[in-house]
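Participant: Sharing a structure, written as structure tokens. Questions coming.
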Amino acid sequence: MSGPAIKRVVRLALFGAPGVGKGTQAGTLEERLDLPHISTGDMLRAAIREGTAEGQQARAIVERGELVPDALISALIGARLEREDVQEGFILDGFPRTVGQAEYLDRTLEAGGRSLDAVINITVPETEIIERLGGRRVCPSCGASYHVRFHPSMVEGRCDACGGRLEQRADDASDVIRGRLEVYARQTAPVLEYYRRRGLLRDVDGVGRPEDVTGRIVALIAAPGR
Ligand code: AMP
């Protein structure tokens, strides 16, 4: 039930603590809006898998659930935002995560005569976040995401889409989840104020069926001046 594609230039950032559903929503919006989904987490995991210099620098930090240095992430995202496919808009997922990154994004977009249209802040109570992250299982082959209770695969431990063996992300281990939430509160939450002051922040309730959350986001984009 993804609904019809809506095509117009829109530059969005999906914001929120780990586990609020940014990746799920960005994946659906990518189809609905026909715009590229840019996830810095996915970019880092790919770099780690491929063993690039950035991946080697990031691996231990990502596994500990901490943030990689702004300089590294800015270089990755800066190169991505120069590519042709983002000129019609994009959906950022997991970036920016610090005020320094938000400032970098503003400067980069401004240099190309562009700016963000909205920052969608997805909110979910912490107890639910912990349950969501603890039960998440991912397919390292195709990137599909499952949940042991809320969205189990048909065959336990196997990806429905490609048959790959499902894994728990190292940073979804229960002791790391706590730390990631603390990192969010300390380093990432201040970005909310940065965008609130610029009038770009839109709060969305992230509880409920994923398609309902998508509907709330699409309604906000359709009424940007709200
Ligand atoms: P995610 O898939 O968005 O939950 O990101 C997974 C991990 O990648 C995070 O816990 C960080 O270690 C790293 N990461 C992703 N995006 C960023 C970012 N914008 N800044 C710093 N670290 C990031």
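The values are calculated or read from the model by the stated rules, or taken from the named source; none is laboratory data. All of these numbers come straight from a predicted model, not from anything done at the bench. Note that we place each Cβ from the backbone using ideal geometry, even for glycine, and neighbour counts take in every protein chain shown. Ligands, DNA and RNA are stripped out before the accessible areas are found, and what is left, the full protein with its side chains, is counted by its heavy atoms. Shrake-Rupley method; radii C 1.70, N 1.55, O 1.52, S 1.80 Å.
Participant: Looking at the chain, what % of the alpha carbon pairs are farther apart than 28 Å?
Facilitator: Details: 6891 of 25425 pairs.
Value for the chain: 27 percent of Cα pairs lie more than 28 Å apart.
Participant: Select from V68, V20, V148 the residue whose mean-square fluctuation is largest in a Gaussian network model of the chain (Cα-Cα springs shorter than 10 Å).
Facilitator: V148
Participant: Of the heavy-atom accessible surface of segment 50-133 (probe 1.4 angstrom), what whole percent is carbon and sulfur? All intermediate terms of the calculation are to be shown ahead of the outcome.
Facilitator: Values: 1910 of 3990 Å².
Result for segment 50-133: 48 percent of the exposed heavy-atom area is carbon or sulfur.
Participant: Give the span of segment 121-226's Cα atoms along each principal axis, as three whole-Å numbers ordered largest to smallest.
Facilitator: Largest to smallest, the principal-axis extents are 46, 32, 23 Å.
Participant: Mind checking the per residue accessible area of the chain for me, 1.4 Å probe, whole number of Å²?
Facilitator: Averaged over the residues of the chain, the accessible area is 51 Å².
Participant: Starting from the Kirkwood Rh over alpha-carbon pairs, what translational D in µm² s⁻¹ does segment 105-171 have by Stokes-Einstein at 10 °C and 1.306 mPa s?
Facilitator: Values: Rh = 14.5 Å.
Roughly 109 µm²/s, to the nearest whole number.
Participant: Tally the DSSP beta bridges in the chain and give the antiparallel ones as a percent, rounded to 5. Mind showing how you got there, number by number?
Facilitator: Numbers: 6 of 23 bridges.
Here the antiparallel bridges make up roughly 25 percent for the chain.
Participant: Next up: Please report, in debye to the nearest 20, how large the charge dipole of segment 80-193 is about its Cα centre when each Lys and Arg carries +1 at its beta carbon and each Asp and Glu carries -1 there.
Facilitator: Details: 15 positive and 20 negative charges, 87 e Å.
In debye, rounded to 20, segment 80-193 gives about 420.
Participant: Rounding to the nearest 20 debye, state how big the charge dipole of the chain is about its Cα centre with +1 on each Lys and Arg Cβ and -1 on each Asp and Glu Cβ. Working shown, then result.
Facilitator: Values: 31 positive and 33 negative charges, 45 e Å.
Here the chain has a charge dipole of around 220 debye.
Participant: So, with +1 on the Cβ of K and R and -1 on the Cβ of D and E, and no other charges, what is the size of the charge dipole of segment 58-145 about its Cα centre, to the nearest 20 debye? Let's see the in-between values first.
Facilitator: Details: 10 positive and 15 negative charges, 74 e Å.
Dipole size: approximately 360 debye.
Participant: Where does segment 71-194 land on Rg/Rh, using Cα atoms and the Kirkwood Rh?
Facilitator: Numbers: Rg = 17.3 Å, Rh = 16.9 Å.
Computed over Cα atoms, the ratio is 1.02.
Participant: Let me ask another. Any idea which of A79, L67, P18 is furthest toward the positive side of the dipole for the chain, if Lys and Arg beta-carbons carry +1 and Asp and Glu beta-carbons -1?
Facilitator: The residue sitting farthest along the positive end of the dipole is P18.
Participant: Next question, about the same structure. At a Förster radius of 35 Å, what calculated FRET efficiency corresponds to the Cβ-Cβ distance of R49 and A223, to the nearest 0.05?
Facilitator: On the way: r = 40 Å, r/R0 = 1.14.
FRET efficiency, R49 to A223: 0.30.
Participant: Within a Cβ distance under 12 Å of R59, other residues only, what is the Lys/Arg minus Asp/Glu net charge?
Facilitator: Once all neighbours under 12 Å are counted, the net charge is -2.
Participant: So if the hydrodynamic radius of segment 1-93 is defined as the Kirkwood radius over C-alpha pairs, what does Stokes-Einstein give as its diffusion coefficient at 10 °C and 1.306 mPa s, in µm² per second?
Facilitator: Answer from the Stokes-Einstein relation: 111 µm²/s.
Participant: Still on this structure: For segment 48-133, compute Rh as the Kirkwood radius over C-alpha pairs and then the Stokes-Einstein diffusion coefficient at 20 °C and 1.002 mPa s; write the answer in µm²/s, rounded to an integer. Working shown, then result.
Facilitator: Details: Rh = 14.9 Å.
The calculation lands on 143 µm²/s.
Participant: Give me the distance in nm between label points sitting 7 Å out from Cα along the Cα-to-Cβ direction at E126 and E88, one decimal.
Facilitator: 4.3
Participant: Along the positive direction of the dipole of segment 121-202 (beta-carbon charges: Lys, Arg +1; Asp, Glu -1; about the Cα centre), which of L200, T188, P125 reaches farthest?
Facilitator: L200
Participant: With a point put 7 Å past each Cα toward its Cβ, work out how far S115 is from M154 in nm, to one decimal.
Facilitator: Those two pseudo-labels are separated by 4.9 nm.
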